[in-house]
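What follows draws every value from the coordinates through simple rules; no lab data is involved. Note that the structure is predicted; figures quoted are calculated from it, not measured. Here the Cβ is made from the backbone with ideal geometry for all residues, glycine too, and neighbour counts use every protein chain on show.
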Amino acid sequence: MSTISIIGSGGMAAAIGGLAAKAGHTVEVIARDPAKAQALAEQFGAGATTGTFLAAPAGDIVLLAVPYSAVLDVVRQYGEALAAKLLIDITNPVAPDLTSFVTPENSFGAQEIAKATSADAHVVKAFNTHFSHVLAAGPVEGRPLDVFLAGDDARAKARVAAFVESLGLRPLDTGPLLMARTLEHMCLLSLGLMTHSVKHTNFAIGVSLLR
């Protein structure tokens, strides 16, 4: 098992960190507010620890579990403390109208993160297509949730895929980091479904393999 560092203390941090601790990973929680980090680590149990915000994370895998509105500042502040780290980007750069993005027209969230962080870090998009409470609940009727991945480094994606599998979820590789743009659009799809047809958030988008 691995040491997983989570920057953030919100719903997605709680959901993924809880699954990771249950799966036997060592979880480090990092937040601007040390009290929130401590509370989340205590919630996880299983030897979860807290780290110091802006100090080098203990884990080689670092989950960026802060809102997109804050994530670019966070990775810039960390600077070379994230060198050689594998960064899992779970963010969605959705605008307040919930139908567009706050990123430059010719870019997307994961690309902006890759530009802002250390050149030696590897960014992999994952987990951004699920609501936090759906992830926390895990498999439904014996079927694992699908987690879509996008990244340019094959070894980094393989490590994230192994991490996803260890949580009882199914990783599905969608290709290079450029495909993160499509995964971010899937967030808009979920929001559209929630608003216009499903009318709640107790659903997940996945792939059914026909045999």
Discussion item. Under the 0.36 nm per residue contour assumption, what length would be gained going from the current alpha-carbon distance of R32 and T182 to full extension?
Written reply: 51.0 nm
Worksheet, complete the sentence: If N is the residue count of segment 42-133, its Cα Rg over 2.2 N^0.38 Å rounds to 1.14
Discussion item. Using the Cα centre of the chain as origin and beta-carbon charges of +1 (Lys, Arg) and -1 (Asp, Glu), tell me which of A136, A13, A39 is placed farthest towards the positive end of the dipole.
Written reply: A136
Worksheet item: What is the gain in length, in nm to one decimal, between S69 and T99 on full extension, counting 0.36 nm per residue of separation less the C-alpha to C-alpha distance?
Response: 9.2 nm
Practice prompt. Within 10 Å, count the other beta carbons around each residue, average over each peptide in 141-153, 122-134, 196-208, and list them highest first.
Written response: 122-134, 141-153, 196-208
Worksheet item: What FRET efficiency do you get for S107 and A39 if R0 is 45 Å and r is their Cβ-Cβ distance, rounded to the nearest 0.05?
Response: 0.80
Worksheet item: So how far apart, in nm, are the two label points at R211 and K199 if each is 7 Å from Cα heading toward Cβ?
Response: 3.6 nm
Discussion item. Restricting to DSSP H runs of at least four residues, report the calculated mean residue ellipticity at 222 nm for the chain, -39500 (n - 2.57) per run over all residues, nearest 500 deg cm²/dmol.
Written reply: -10500 deg cm²/dmol
Worksheet entry | Approximate spin-label separation K115-F53, in nm, with each point projected 7 Å along Cα-to-Cβ | 2.6 nm
Worksheet item: If the convex hull of the alpha-carbon atoms of the chain is projected onto planes in all directions, what is the mean projected area in square nanometres?
Response: 11.8 nm²
Fill in: segment 1-48: relative contact order as a whole-number percent, Cα under 8 Å and 6+ apart
41 percent
Worksheet item: Around M179, with a cut-off of 14 angstrom between Cβ atoms, what is the net charge of the other residues, counting Lys and Arg +1 and Asp and Glu -1?
Response: -2
